[in-house]
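Colleague: Questions regarding the structure given below will be posed in turn.
The values are calculated or read from the model by the stated rules, or taken from the named source; none is laboratory data. From a predicted model like this one, the values you see are computed outputs, not experimental measurements. Quick reminder, even Gly has a Cβ in these numbers, built from the backbone with ideal geometry, and neighbours come from all protein chains shown. When the accessible area is computed, the model is the full protein with side chains, heavy atoms only, and any ligands, DNA or RNA have been set aside. Shrake-Rupley method; radii C 1.70, N 1.55, O 1.52, S 1.80 Å.
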Amino acid sequence: MIITLTTDFGLGTYVASMKGVILEIDPEARIVDIDHSVAAHDIRRGAYALYSAAPWFPFAVHVGVVDPGVGTQRRAIVIACEGAIFIGPDNGLLIPAAETFGIKEVREITNKEYTLRRASYVFHGRDIFAPVAAHLSKGVKLRDLGPPITDHVKIDFGTPEVDEEGIRGEVLTVDRFGNIITNIPRALVSDRWRFNQELEVSIGGYDIRLRLVRTYGEASEDALLATMSSTNFLEIAKRNGSAAAVVNLLIFDGLGDRPIAELGRQTPLQAARKEHVDWFAANGVNGLLDPISPGVRPGSDTSHLALFGYDPLSVYTGRGPFEAAGVGIPVKRGDIAFRCNFATVDSGMRVTDRRAGRIREGTTELAKALDGLELGSGVHVLFRAGTEHRAALVLRGPGLSPHVSDTDPHDEGARVLSAKATASDGESTARAVNEFMEESHKILRAHPVNVAREKAGQGLANAVLLRGAGIVPHLDPMKERLGMRAAGIAGVALIKGMFRAAGMDVLEVAGATGGLDTDVVAKARAAVEALKTYDLVVVNVKAPDICGHDGLATEKVRTVERIDAMMAVLKADVGPEVVVAATADHSTPVALKDHSGDPVPVIVFGEGVRVDEVTRFDEISAARGGLGRILGRDLMPILLNVSNRAAKFGA
């Protein structure tokens, strides 16, 4: 006999164990997988999967397991129909499909003779539904399974509202091609509209006009269209493309690490409790990612460029321009931009704290005191504060060049460096930088903010350290390059600047500080909302990188666990029309307190991905994943493919 399986488990050990139980009881059973990519706990989408496929089978036993109530008082049931039997939880999952056959009777499964002897509280698919299906296949009678019931839970696909303005329906599901299936039946469509008529449709935050057609081929290439699905519901689709697939890319800054003695030779990802992150790993495809290339130590700027799909070796012109754009300085061609830190120096200009005690207050006032300085040779200063100790400097004037060295010695205890030309055209710029260093130190050390900090026993922000000189890069906007309307959420200026440089909208989120106290749950909720409007939403979380740079192993573990709360929001609120990818821009090992060239784990989760055997998100487990080991710039093409947006290469 044929036994079909429909679950929200994803392909993997859960489904395999169900098949093992069935074959142990009935080795002759023919097992057919209908769908295991139903969104977790989404009973109605699971019901639609069964409703769509079951009528096309000869007589079969159909097992459905989308069961958020497992372990509660909800019943296990079997439904006898004209031409089929359905087995699963009493939560409505089986009803729409069963009603297409005609329900003869419903029974509660109570006879433990036909279930596994020690049924668990959490896996009724394996311990109850699978063995009952196999016993029915072997000839057990339905009456032997338990008593008949009439108060079983019923669900349907909802009734569309019809009025003079139109028809208001709901989205039932989004298939692997990105086609949106509504609950508006053919009969309502036929009564209201005719083929080739133009419709006004409001869906997912979009107001669009499209034609009602009989087949996809009647629409223009890449055009949005309305048609009748194979299940006779109104469908919104895109010819040779996806009408709905959107992408949420999560970049956890500095998340990768190395084994730490303090954590029992585990990485923070291995040590942390993170059931929701691991759920995405278990239901997605995993791998390792080298942001630039194996062994190359990436900066946050170059790695983000790669993750956005650019080749950083071709387009990178320095970090300064991104930092400046992030704090709101309108950078122009010919400007030279620097990334800056407020720092503490002694009387001999030796750095005692590169981050001025991670100063959090007063930096705006300090920045205003430097903004607008006029230097020799007609050079004008634009200066803005960023997050905590971070800031950005732009020099504007004739004949400037990015070919100058940093003034940041990168080590505490070392003297502030003098800028030097790194090419012949950098001499005048080096003189301007050194003049700024001298003038800014004079202004900062006497500033009221520092006077107050000194009285309070706090470290002074009495110097500015410069690094990463660069000119404005030319980046093809994401919309033009990928055909996606994109937005970004971040707390730190650098990443906001990179979003702007790539033509992405920057979304401000209350509580997104860019520090350890950033509200990651608020970021997740903002991302869910933004996915109704944008095709690509990128979220950066800086906190893991801060822990790495400060050598805080336990705090990095806690940060991972806060990230898990963020992933819980996404798990609960995103539907199958969303592709979720999670990775890091680089590793920042706690022991190293700096970036390393170690690869980072990556997950891609979404409708149609080839789910692998990985069940945990960490640097070691990911090495066994189906993605293998990829480069940072490979990720965006992979996401385009999974979201059914990739252009064909060749004929």
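Colleague: For the stretch 409-422, check the following and say yes or no: at least one residue is among the basic types (Lys, Arg), open to solvent by 30 Å² or more (accessible area, probe 1.4 Å) and free of Cβ contacts under 8 Å to residues at least 40 places away in the same chain. It would help to see each step written out before you state the result.
Modeller: Within the stretch 409-422, the first condition is being among the basic types (Lys, Arg), and the residues that meet it are 415, 420.
Next, only the ones that are open to solvent by 30 Å² or more (accessible area, probe 1.4 Å) stay: 415, 420.
Filter again for free of Cβ contacts under 8 Å to residues at least 40 places away in the same chain, leaving 420.
Yes, the stretch 409-422 contains a residue that is among the basic types (Lys, Arg), open to solvent by 30 Å² or more (accessible area, probe 1.4 Å) and free of Cβ contacts under 8 Å to residues at least 40 places away in the same chain.
Colleague: Follow-up question, since we're still on this one. Quick check on the stretch 332-349: of everything there that is open to solvent by 40 Å² or more (accessible area, probe 1.4 Å) and under 22 Å from HIS474 (Cα atoms), which residue is modelled with the highest pLDDT?
Modeller: Out of the qualifying residues, it is ARG339.
Colleague: Residue check, PRO68 against (1) open to solvent by 40 Å² or more (accessible area, probe 1.4 Å); (2) out of contact with any helix residue (DSSP H, G or I) (no Cβ under 8 Å at 6 or more places or on another chain); (3) farther than 23 Å from PRO185 by Cα, all met but one. Which one?
Modeller: (2)
Colleague: Across the stretch 622-637, which residue is surrounded by the fewest Cβ atoms within 10 Å (Cβ to Cβ) among those that are under 27 Å from ALA16 (Cα atoms) and touching a strand residue (DSSP E or B) at 6+ places or on another chain (Cβ under 7 Å)?
Modeller: Among them, the one singled out is GLY628.
Colleague: Quick one: in the stretch 9-60, which of the residues that are open to solvent by 20 Å² or more (accessible area, probe 1.4 Å) and in contact with a His (Cβ under 7 Å, 6 or more places away or on another chain) is nearest to GLY125 (Cα to Cα)?
Modeller: Once the filter is applied, the top-ranked residue is PHE9.
Colleague: Please determine, by comparing only the residues of the stretch 107-124 that are in contact with a Leu (Cβ under 9 Å, 6 or more places away or on another chain) and either of a type in the set (Ser, Thr, Tyr) or under 13 Å from PHE86 (Cα atoms) (or both), which one is surrounded by the most Cβ atoms within 10 Å (Cβ to Cβ).
Modeller: ILE109
Colleague: So, SER230, is that one open to solvent by 50 Å² or more (accessible area, probe 1.4 Å), in a loop (DSSP other than H, G, I, E, B), hydroxyl-bearing (Ser, Thr, Tyr) and in contact with a Ser or Thr (Cβ under 8 Å, 6 or more places away or on another chain) or not?
Modeller: Values: open to solvent by 50 Å² or more (accessible area, probe 1.4 Å): yes; in a loop (DSSP other than H, G, I, E, B): yes; hydroxyl-bearing (Ser, Thr, Tyr): yes; in contact with a Ser or Thr (Cβ under 8 Å, 6 or more places away or on another chain): yes.
Answer is yes for this residue.
Colleague: Take the conditions touching a Ser or Thr at 6+ places or on another chain (Cβ under 8 Å), not hydroxyl-bearing (Ser, Thr, Tyr) and not in a strand (DSSP E or B) and apply them to ASP406. Does it pass?
Modeller: In short, no.
Colleague: In this structure, does ALA461 turn out to be among the small types (Gly, Ala, Ser) and buried (at least 18 other Cβ atoms within 10 Å of the Cβ)?
Modeller: Yes, satisfied.
Colleague: Now for a different question. Kindly check whether there is at least one residue in the stretch 534-557 that is assigned to a loop (DSSP other than H, G, I, E, B) and modelled with pLDDT under 95.
Modeller: Yes, that holds for at least one residue.
Colleague: Assess whether MET1 counts as being modelled with pLDDT under 95 and touching a Leu at 6+ places or on another chain (Cβ under 9 Å).
Modeller: yes
Colleague: Quick check on the stretch 368-381. Is at least one of its residues touching a residue at least 12 places away in the same chain (Cβ under 8 Å), of a type in the set (Ser, Thr, Tyr) and on the phi > 0 side of the Ramachandran plot?
Modeller: The answer is yes; a qualifying residue exists.
Colleague: Counting only residues that are under 18 Å from GLN266 (Cβ atoms), touching a helix residue (DSSP H, G or I) at 6+ places or on another chain (Cβ under 6 Å) and open to solvent by less than 10 Å² (accessible area, probe 1.4 Å), how many does the stretch 564-588 have? Lay out the reasoning, then the answer.
Modeller: At the first step, the residues of the stretch 564-588 found to be under 18 Å from GLN266 (Cβ atoms) are 564, 584, 587-588.
From what's left, touching a helix residue (DSSP H, G or I) at 6+ places or on another chain (Cβ under 6 Å): 564, 588.
Next, from what is left, pick out any that are open to solvent by less than 10 Å² (accessible area, probe 1.4 Å): 588.
The qualifying residues number 1.
Colleague: With respect to VAL614, determine if the residue is in contact (Cβ under 8 Å) with a residue 12 or more places away in the chain, closer than 16 Å to GLY10 by Cα and not hydroxyl-bearing (Ser, Thr, Tyr).
Modeller: It is true that VAL614 is in contact (Cβ under 8 Å) with a residue 12 or more places away in the chain, closer than 16 Å to GLY10 by Cα and not hydroxyl-bearing (Ser, Thr, Tyr).
Colleague: So GLY606 clears everything in (1) under 18 Å from LEU536 (Cβ atoms); (2) open to solvent by 30 Å² or more (accessible area, probe 1.4 Å) except one condition, right? Which one?
Modeller: (2)
Colleague: So, of the residues in the stretch 483-540 that are over 16 Å from the mean Cα position of the chain (by Cα) and among the hydroxyl-bearing types (Ser, Thr, Tyr), which turns out to be surrounded by the fewest Cβ atoms within 10 Å (Cβ to Cβ)?
Modeller: This residue is THR513.
Colleague: Answer yes if at least one residue in the stretch 323-334 is among the β-branched types (Val, Ile, Thr) and under 17 Å from the mean Cα position of the chain (by Cα), and no otherwise.
Modeller: no
Colleague: Is it the case that ILE149 is in contact with a Leu (Cβ under 8 Å, 6 or more places away or on another chain) and at pLDDT 85 or above?
Modeller: no
Colleague: Taking only the stretch 168-199 into account, find how many residues are in a loop (DSSP other than H, G, I, E, B) and within 31 Å of the chain's Cα centre (by Cα).
Modeller: Our first condition is that a residue be in a loop (DSSP other than H, G, I, E, B); within the stretch 168-199, this holds for 169-170, 175-179, 193-197.
So of that shortlist, the ones also within 31 Å of the chain's Cα centre (by Cα) come out as 169-170, 175-179.
Of the residues in the stretch 168-199, 7 are in a loop (DSSP other than H, G, I, E, B) and within 31 Å of the chain's Cα centre (by Cα).
Colleague: Related question: Which members of the stretch 311-331 meet the condition of being open to solvent by 20 Å² or more (accessible area, probe 1.4 Å) and more than 17 Å from ARG396 (Cβ to Cβ)?
Modeller: Of the residues in the stretch 311-331, the ones open to solvent by 20 Å² or more (accessible area, probe 1.4 Å) are 311, 313-317, 319, 325, 327-328, 330-331.
Scanning the stretch 311-331 gives ASP311, LEU313, SER314, VAL315, TYR316, ARG319.
Colleague: Tell me which strands (runs of 3 or more DSSP E) are completely within the stretch 1-115 and hold 3 or more residues being in contact with a Lys or Arg (Cβ under 8 Å, 6 or more places away or on another chain), or say none if there are none.
Modeller: It comes to 2-7, 76-81.
Colleague: Could I ask something else about it? Consider the stretch 301-319. How many of its residues are under 12 Å from GLY497 (Cα atoms) and modelled with pLDDT of 85 or more?
Modeller: The number of residues fulfilling the criteria is 3.
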